[in-house]
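Enquirer: The following block contains the structure, expressed as structure tokens.
The values are calculated or read from the model by the stated rules, or taken from the named source; none is laboratory data. Just so you know, these numbers come straight off a predicted model, no measurement behind them. Glycine also receives a Cβ, built like all others from the backbone with ideal geometry; neighbour counts cover every protein chain displayed. Just the protein is used for accessible areas: all its heavy atoms, side chains included, with ligands, DNA and RNA removed. Shrake-Rupley method; radii C 1.70, N 1.55, O 1.52, S 1.80 Å.
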Amino acid sequence: MSRCFAALAALICLAALAVPARAEGKVGFLHPQRVLNESKIGKAAQEDLARFAQEKDRVLRTRTQEIQAEQKKLQETAATDPDAPRKQEALRLKYQQQDRLIQESNEEIRMEEQRLARYVMQKADAVMKQIAAQQGFTIILTDPEAIGYIDASADITDQVIRALDQASVAPPPKKK
Amino acid sequence: MIRAALRAALLALLLAAPALAQEWGELATPASPVNLRQARDLKSASRDVLMPGEIVRVDFLEDGWYAVFRPNIKVRDESKAIGYVRAGFMRPAPAKAAAPAAKTAPVSTPAVPAPAKAVPPPAMAPREPRLEPVAPPAALTQPQAWGRVLSLKQRVDLSRRPSKYAGQVRSLEAGAWVRVDFLDQGWYAVFSPEEPVRDLAKAWGYAPAEAIDGPSAAPAAPQPAAEASEPEPESETPAPLPAAAPPAASAAPAPAAPAMSLPPKVQAAVPASARPVTVASPFVQRNPEIPVGDKTLHGFRYAVLDTDEEQGNGVSVIEVKVYLDVTVLPEREAIRDFATSVWREKRQGGRELVVDVFLPDTDLKGLPYAVGRFDDSGLQEFFTRRTLLFGTRFAR
């Protein structure tokens, strides 16, 4: 009976010792927005997005100019052209179509932003996991809004940005 | 007595069941017209279009996509979903609209749009980083925004006061991390790198500026208090000055002389940002697909990876994925001309055509490097993604 108690006491001691060991898990932090703002690939993604938006803008502008030219022509000939009402209606439909195009363009810009941001963050994620494993982090938080304070030693954002920058300019391995 | 109580409890449970069954997901409405797709994929076919004001129940958020249900569905079962929608487009349904809509609104019938004056509810989608620059919270980027944190380039003996005759309090080995501030007459006050408070009373000791910044450091000239700890070019982690002026150096009590080497806590307090990092490139693909260009067009060897056709907004769109077998990055104009040549070969009357151009070392199942959109009259838009060149042979 006393052996049983001794074994039980030993188990309790072991369990008590194990608790602090588990509590030592390191928590780190990665700021995703900084990765996008400060890494080379993040900056390239911002430039890509800006060019994409410019291209959309160029397309819309061209179409708007075409419609405006048509409208001007119609105004000039409205008094003499018997077909003017039909042309007016066609022009109205074109304006409607243009409004829809503007909405679609805005939507596509938003989707392109998400695609590029996701691409960059996937790469950053792969780097983050390696750094976390190397440095013994058990959890990496990525939501800055959920954090009141973080010590500099737990913030691996700079490391991830640096590693990402290094990897992004390194040539890929030669294929066999 | 017990039976009666049990019966009452059972009855209460039964009455509560329908209410409990509804307690899942969230009633939501799109912010703008949005496609309801067959799968969590932008390329999957669109089943319907959800209009603003149309109330649906959303749940099973995965990869930024919600499964969409009719609002009156009681059982949380993904197989009953009527489609999928990007989470970023959905907003919580207004409280007033949600209650009746949950009972009546069929998904295919657009409901009355929410009143324009209603305060826009916060986005339901999880916060995602944006490509548009957003300043990170200062509390996170500058947790201890004072002085400079640096690694010593040489062994440094700290003095009790800013004078070489004041007596030594401790020695720090080369490579040790410290925070320095209060530069005055060529002497820095030296702190623990983790020290949160800019207070001379917390200083470990004092070190000559030459010992911290190297022999090329500025001569020991008295500086105004406000400029005392201005970040210098070689600073490892420059931090802005706090608004408060430093207290007088003479008021600082010297810390008790500790051991000669740094305590383990300080050694471990090296900021994570300064540690050397070696990681495998995230750009290298595990089993890259390497097609061989078996055709030649516009001076390029290329291979057609895939041709697909889908309906969008009542227009048929043909998507042609092309692999350019090149060793040098072609000019943007050259790719645009190549895409135009592909369009000439593949175009069909009344259909739009999208040419996706992939380059070697890029993920052929991911985003294309260049995209050209054509209609019957020719090229409508063309863009490239330089982001995709990182980690490839074309990276500069």
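Enquirer: So, B:T340, is that one of a type in the set (S, T, N, Q), assigned to a helix (DSSP H, G or I) and either modelled with pLDDT of 95 or more or over 19 Å from A:E108 (Cα atoms) (or both) or not?
Expert: Yes: the conditions hold for B:T340.
Enquirer: Which ones in segment B:47-68 are closer than 10 Å to B:A28 by Cα and hydrophobic (A, V, I, L, M, F, W, C)?
Expert: Matches in segment B:47-68: B:I55, B:V56, B:V58, B:V68.
Enquirer: Still on this model: Which of the residues belonging to segment B:343-368 are in a strand (DSSP E or B) and not basic (K, R)?
Expert: Passing the criteria: B:E352, B:L353, B:V354, B:V355, B:D356, B:V357, B:F358.
Enquirer: Going by the conditions given, is A:E108 of a type in the set (D, E, K, R), more than 12 Å from chain B (Cβ to nearest Cβ) and assigned to a helix (DSSP H, G or I)?
Expert: Judged against the criteria, A:E108 is not a match.
Enquirer: Any residue in segment B:294-309 that is open to solvent by less than 20 Å² (accessible area, probe 1.4 Å), outside any loop (DSSP other than H, G, I, E, B) and of a type in the set (V, I, T)?
Expert: No, segment B:294-309 contains no residue that is open to solvent by less than 20 Å² (accessible area, probe 1.4 Å), outside any loop (DSSP other than H, G, I, E, B) and of a type in the set (V, I, T).
Enquirer: Among (1) out of contact with any Leu (no Cβ under 7 Å at 6 or more places or on another chain); (2) among the β-branched types (V, I, T); (3) within 12 Å of chain B (Cβ to nearest Cβ), where does A:T80 come up short?
Expert: (3)
Enquirer: Next up: Picking from A:Q159, A:Q134, A:Q98, which residue would you name as being open to solvent by less than 40 Å² (accessible area, probe 1.4 Å) and at the interface with another protein chain (Cβ under 10 Å from one of its Cβ atoms)?
Expert: Testing whether each residue is open to solvent by less than 40 Å² (accessible area, probe 1.4 Å) and at the interface with another protein chain (Cβ under 10 Å from one of its Cβ atoms) leaves just A:Q159.
Enquirer: Considering only segment B:374-395, state which residues are open to solvent by less than 10 Å² (accessible area, probe 1.4 Å) and farther than 21 Å from A:K40 by Cα.
Expert: Across segment B:374-395, the qualifying residues are B:F374, B:G378, B:F382.
Enquirer: Would you confirm whether any residue within segment B:356-377 is in contact (Cβ under 8 Å) with a residue 40 or more places away in the chain, over 19 Å from B:K43 (Cα atoms) and aliphatic (A, V, I, L, M)?
Expert: No.
Enquirer: Evaluate the following for B:A228: is it touching a Pro at 6+ places or on another chain (Cβ under 9 Å), modelled with pLDDT under 80 and over 15 Å from B:L158 (Cα atoms)?
Expert: Yes.
Enquirer: Test each condition in (1) within 11 Å of chain A (Cβ to nearest Cβ); (2) assigned to a loop (DSSP other than H, G, I, E, B); (3) open to solvent by less than 80 Å² (accessible area, probe 1.4 Å) for B:V371 and report the one that comes out false.
Expert: (2) is the only condition that B:V371 fails.
Enquirer: Against the condition within 13 Å of chain B (Cβ to nearest Cβ) and of a type in the set (S, T, N, Q), how does A:Q33 come out, does it pass?
Expert: For A:Q33, the condition - within 13 Å of chain B (Cβ to nearest Cβ) and of a type in the set (S, T, N, Q) - is met.
Enquirer: Please return the ranges of helices (runs of 4 or more DSSP H) entirely within segment A:1-86 where 2 or more residues are modelled with pLDDT of 90 or more, surrounded by 11 or more Cβ atoms within 10 Å (Cβ to Cβ) and not β-branched (V, I, T).
Expert: In segment A:1-86, the matching helices (runs of 4 or more DSSP H) lie at A:32-38, A:40-77.
Enquirer: Shifting gears a bit: Kindly indicate the residue of segment B:3-25 that is assigned to a loop (DSSP other than H, G, I, E, B) and either open to solvent by less than 50 Å² (accessible area, probe 1.4 Å) or more than 27 Å from B:S79 (Cβ to Cβ) (or both) and also modelled with the lowest pLDDT among those meeting that condition.
Expert: The extreme case among them is B:W24.
Enquirer: Picking from B:D375, B:D361, B:D356, which residue would you name as being in contact with a Leu (Cβ under 9 Å, 6 or more places away or on another chain) and on the phi > 0 side of the Ramachandran plot?
Expert: The conditions single out B:D361.
Enquirer: Criterion first (of a type in the set (A, V, I, L, M, F, W, C) and either exposed (fewer than 14 other Cβ atoms within 10 Å of the Cβ) or within 8 Å of chain B (Cβ to nearest Cβ) (or both)) does A:L116 satisfy it?
Expert: So A:L116 passes the test.
Enquirer: Still on this model: Quick test for you: out of A:I109, A:I102, A:I67, pick the one residue that is in contact (Cβ under 8 Å) with a residue 60 or more places away in the chain and among the aliphatic types (A, V, I, L, M).
Expert: Among A:I109, A:I102, A:I67, only A:I109 is in contact (Cβ under 8 Å) with a residue 60 or more places away in the chain and among the aliphatic types (A, V, I, L, M).
Here is a yes/no grid of residues against (1) of a type in the set (A, V, I, L, M); (2) outside any strand (DSSP E or B):
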{"position": "A:K94", "(1), (2)": "no, yes"}
{"position": "A:Q98", "(1), (2)": "no, yes"}
{"position": "A:E112", "(1), (2)": "no, yes"}
{"position": "A:D125", "(1), (2)": "no, yes"}
{"position": "A:A132", "(1), (2)": "yes, yes"}
{"position": "A:T138", "(1), (2)": "no, no"}
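Enquirer: Just checking, how many residues over segment B:26-39 are outside any strand (DSSP E or B) and either open to solvent by less than 50 Å² (accessible area, probe 1.4 Å) or within 13 Å of chain A (Cβ to nearest Cβ) (or both)?
Expert: Count: 4.
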